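Chemist: Following this message is one structure expressed as structure tokens.
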Amino acid sequence: MDETMLTLKTGVKLIEQDGQVGLILSGRTQFAKNPQQTEILRALMEQPLSPESLMALLRARDGPQNENDSSLAIAGFILDFGDYIKV
């Protein structure tokens, strides 16, 4: 079974404006809503990652936390940035 990977769509660029980090694609912009989304954006700019890898990234950043919190943060990211990512 193939592992699910999240990757940015072709043409997506990372932007920083007034201290906020976001993505731009075809003239549309979406900014991160929280530090977790910023961390995910920066990581996905480097390489495709699995949801499990993103959970590990968030745990390393925020310390041990409820696994449900990481899952919800990733789900929220996917909902907010769905137009900019491929699964």
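Chemist: Restrict the check to region 18-28 and report whether at least one residue is over 12 Å from the mean Cα position of the chain (by Cα), under 17 Å from Leu79 (Cα atoms) and β-branched (Val, Ile, Thr).
Modeler: Yes - at least one qualifying residue is present in region 18-28.
Chemist: For region 16-63, which residues satisfy the criterion of being in a strand (DSSP E or B), surrounded by 14 or more Cβ atoms within 10 Å (Cβ to Cβ) and not polar (S, T, N, Q)?
Modeler: Selection gives Val21, Gly22, Leu23, Ile24, Leu25, Phe31, Leu49.
Bear in mind these aren't lab numbers, they're just calculated from the coordinates by the rules spelled out. What you see is a predicted model, and the numbers here were worked out from it, not measured in a lab. No Cβ is skipped: glycine too gets one built from the backbone with ideal geometry, and neighbour counts run over all protein chains shown.
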